[in-house]
1. Kindly establish whether SER219 is at pLDDT below 75, under 18 Å from GLY84 (Cα atoms) and assigned to a helix (DSSP H, G or I).
2. Only one of (1) buried (at least 19 other Cβ atoms within 10 Å of the Cβ); (2) more than 24 Å from SER179 (Cα to Cα); (3) modelled with pLDDT of 90 or more fails for GLY125. Which number is that?
3. From VAL231, VAL201, grab the single residue that is within 19 Å of LEU99 (Cβ to Cβ), of a type outside the set (D, E, K, R), modelled with pLDDT of 90 or more and touching a strand residue (DSSP E or B) at 6+ places or on another chain (Cβ under 7 Å).
4. Take the residues in the range 128-152 that are touching a helix residue (DSSP H, G or I) at 6+ places or on another chain (Cβ under 8 Å) and within 26 Å of TYR114 (Cα to Cα); name whichever of them is surrounded by the fewest Cβ atoms within 10 Å (Cβ to Cβ).
5. Restricting attention to the range 9-29, does a residue exist that is in a helix (DSSP H, G or I), out of contact with any helix residue (DSSP H, G or I) (no Cβ under 9 Å at 6 or more places or on another chain) and basic (Lys, Arg)?
6. Considering only residues that are in contact with a Phe, Trp or Tyr (Cβ under 7 Å, 6 or more places away or on another chain) and of a type in the set (Gly, Ala, Ser), look in the range 91-110 and name the one that is surrounded by the most Cβ atoms within 10 Å (Cβ to Cβ).
7. Please return the ranges of strands (runs of 3 or more DSSP E) entirely within the range 115-158 where 3 or more residues are of a type outside the set (Val, Ile, Thr).
8. Scan the range 39-88 for residues that are in contact with an Asp or Glu (Cβ under 6 Å, 6 or more places away or on another chain) and closer than 17 Å to ILE232 by Cα and report the count.
Amino acid sequence: MTNKLTKAQEMQLEKQRNITNVLRSVNVQEKFEGVLGKRANGFIGSLLSVVTNNKLLLDASPQTIMTAAMQAATLDLPINPNLGLAYIVPYKGEAQFQLGWKGFVQLAERTGQYKTINASVVYEGQVEDIDFITGELVKGKRTGDTVVGYVAYIEMLNGFSKTFYMTKDEVTAHAKKYSQSFQKGYGPWKDNFDAMALKTVLKLLISKYGIMSIDIQTSNLNRAIEADQAVIREDGTPDYIDSEPAEVQDFDEAVSKQDEAPVPESTGTPALDFDAGEPTF
């Protein structure tokens, strides 16, 4: 004897069938094949898995799901949430494209201009002061386990390097100013503050001091920064429905459900060694 599905379960299955039919349609397949070639089928399969396993995405506008997914495809970033490169996130009935912190690292590395890129939690005692002229940190010795700030570091192949540091209070103020979900008391800023803080310092650093040019790979990074946290409209313009467009935006509540694992202090690239006094390569 089989159990009869509830009305809610039937509605859920119907939504899953509908979105599957849309994403498996010839028209959609051709669009993604035009961008990804033979990899299109695997990308669509991943997209279907993300959407059908998220009730909020199933209720989101299919058009915004498509444009968000196409943004990720154009940047050649997988949307598997376990990879942490890019996300499709529901918010108020629409789907946003969101770049993960690993996505920033990946796109920066593709430019071939970065020798080192890193973001790290800073503990008490590790930063004594900041040189107000150069912006360089005066590094000290760790004296405790309390997190006092967050730092990002980049070094270009041409020798240019930059460090960007924000105290925990500064990051908190930033989140309060630019994230509606933080203001309302939910979302990843509440659930995984350190991960969000690392993304913030890394994004601000790259946005302000990274290489800006018309080179294809560099342009991809710049475009990703612009599209991050936005609903991508049909004409390709970003619409920041959860935050201020004039500044770096923040992840919303659905990301915390997809990527609850803490961000490691190393991105797989050379890390800042505060105790040694110099970046390690």
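1. Criteria not met by SER219.
2. Condition (1) is where GLY125 drops out.
3. On the way: VAL231 fails: modelled with pLDDT of 90 or more.
The match here is VAL201.
4. Only one residue tops the list, namely GLY149.
5. Checked the range 9-29: at least one residue is in a helix (DSSP H, G or I), out of contact with any helix residue (DSSP H, G or I) (no Cβ under 9 Å at 6 or more places or on another chain) and basic (Lys, Arg).
6. Taking the range 91-110 as the starting set, the residues that turn out to be in contact with a Phe, Trp or Tyr (Cβ under 7 Å, 6 or more places away or on another chain) are 98, 100, 108.
Add one more test, that the residue is of a type in the set (Gly, Ala, Ser), and what stays is 100, 108.
Numbers: GLY100: 24, ALA108: 22.
Per the stated criteria, the residue is GLY100.
7. Working: elements: 127-130, 137-139, 147-156.
Where strands (runs of 3 or more DSSP E) fall fully within the range 115-158 and carry at least 3 residues being of a type outside the set (Val, Ile, Thr), they are 147-156.
8. Result for the range 39-88: 3.
The values are calculated or read from the model by the stated rules, or taken from the named source; none is laboratory data. None of these values were measured; they are calculated from a predicted model. As a convention, Cβ positions derive from the backbone with ideal geometry for all residues, glycine included, and neighbour counts pool all protein chains shown.
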